[in-house]
1. Only one residue in 126, 121, 148 is hydrophobic (A, V, I, L, M, F, W, C), open to solvent by 50 Å² or more (accessible area, probe 1.4 Å) and within 13 Å of the ligand (Cβ to nearest atom), so which one is that?
2. Residue check: is residue 119 assigned to a helix (DSSP H, G or I), among the acidic types (Asp, Glu), within 30 Å of residue 140 (Cα to Cα) and touching a Phe, Trp or Tyr at 6+ places or on another chain (Cβ under 9 Å)?
3. Report, ordered by the first and then the second residue, all pairs with beta carbons closer than 8 Å, sequence separation of six or more or different chains, a first member in the range 155-169 that is closer than 17 Å to residue 107 by Cα, and a second member that is in a loop (DSSP other than H, G, I, E, B) and basic (Lys, Arg).
4. Can you tell me which condition residue 99 does not meet? The list is (1) away from the ligand (no atom under 12 Å from the Cβ); (2) within 27 Å of residue 169 (Cβ to Cβ), and all the others hold.
5. Considering the range 130-145 alone, what residues qualify as being assigned to a helix (DSSP H, G or I) and buried (at least 18 other Cβ atoms within 10 Å of the Cβ)?
6. Where the second residue is open to solvent by less than 40 Å² (accessible area, probe 1.4 Å) and at pLDDT 95 or above and the first is at positive phi and among the small types (Gly, Ala, Ser) and lies in the range 19-43, which pairs have Cβ atoms under 9 Å and are six or more apart or on separate chains?
7. Applying the selection to the range 170-196, what residues are within 21 Å of residue 1 (Cα to Cα) and outside any helix (DSSP H, G or I)?
8. Listed residues 182, 175; which is touching a residue at least 60 places away in the same chain (Cβ under 8 Å) and crowded, with 16+ Cβ neighbours inside 10 Å?
Amino acid sequence: MIRMLLIGPPGAGKGTQASRITEKHGIVAISTGDIFRQNVKNRTPLGQAAESYINAGKFVPDQITNDMVRDRLEQSDARDGFLLDGYPRTAAQVAFLDEILADKGHQLDVVLQIVVDPEELVHRLLKRAVSENRTDDTAEVIRERMALYFEQTTSVTALYGQRGLLTEVEGIGDVSDVAQRVSTALDVKLGASLPL
Ligand code: ADP
């Protein structure tokens, strides 16, 4: 069982890679974006609180997001392992996740970053907008989400880099090529962290 984060810009194919990883390692995938969208769809109080931020391509405030993640990680399917996708995205969220894990005596095993050239990303997202009908996939909102990503993620990846947890994978190419690279990178990282 592993506890890991998946970090990548909008359109990097995180969802696809996440499902392959979770299948292989028998862990649950938790995507904060998916949880928010589900709540918006079901018109829950959480969804109503988050909706305007999501549709503007802005981050939902930390307090709302942090509470949601803590509740989700308390559920039994996440007890022994998880893949968190889309969280943490700010330094404050990193600190909050540290606390959640420390409370349980747990720690992260690996932070996987999928790296893709921004030009390629905009192209992919506009294509996805047509097929998935997401309300936040308009050109303007995509630009906003992209700018936010590059502005904020650097501080998050820098923190995990300092801790020696970060591993990067190039997200260009076929889904299966990327999956292969992801698999190799995880084996190297997890193998390296096994006790001798
Ligand atoms: P993408 O990575 O393609 O932008 P996500 O599905 O991860 O999309 O997230 C969609 C939206 O959900 C974000 O633009 C943001 O409004 C909200 N969101 C998701 N995760 C977080 C988070 N960790 N902190 C704040 N807002 C978040």
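The values are calculated or read from the model by the stated rules, or taken from the named source; none is laboratory data. Nothing here was measured: the structure is a model prediction, and the numbers come from that model. Cβ atoms come from the backbone with ideal geometry, glycine included; neighbour counts cover every protein chain shown. For the accessible areas, the whole protein counts, side chains as well, though only heavy atoms, and no ligand, DNA or RNA atoms are used. Shrake-Rupley method; radii C 1.70, N 1.55, O 1.52, S 1.80 Å.
1. Numbers: 121 fails: open to solvent by 50 Å² or more (accessible area, probe 1.4 Å); 148 fails: open to solvent by 50 Å² or more (accessible area, probe 1.4 Å).
Checking each option against the conditions leaves just 126.
2. Numbers: assigned to a helix (DSSP H, G or I): yes; among the acidic types (Asp, Glu): yes; within 30 Å of residue 140 (Cα to Cα): yes; touching a Phe, Trp or Tyr at 6+ places or on another chain (Cβ under 9 Å): no.
For residue 119, the condition - assigned to a helix (DSSP H, G or I), among the acidic types (Asp, Glu), within 30 Å of residue 140 (Cα to Cα) and touching a Phe, Trp or Tyr at 6+ places or on another chain (Cβ under 9 Å) - is not met.
3. 156/89
4. (2)
5. Taking the range 130-145 and keeping what is assigned to a helix (DSSP H, G or I), we get 130-132, 139-145.
Scanning the range 130-145 gives 141, 142, 145.
6. As it stands, the answer is 26/81, since those pairs meet every condition given.
7. Step one: of the range 170-196, the residues within 21 Å of residue 1 (Cα to Cα) are 179-196.
Correct list: 194, 195, 196.
8. Values: 175 fails: crowded, with 16+ Cβ neighbours inside 10 Å.
That would be 182, the only listed residue that is touching a residue at least 60 places away in the same chain (Cβ under 8 Å) and crowded, with 16+ Cβ neighbours inside 10 Å.
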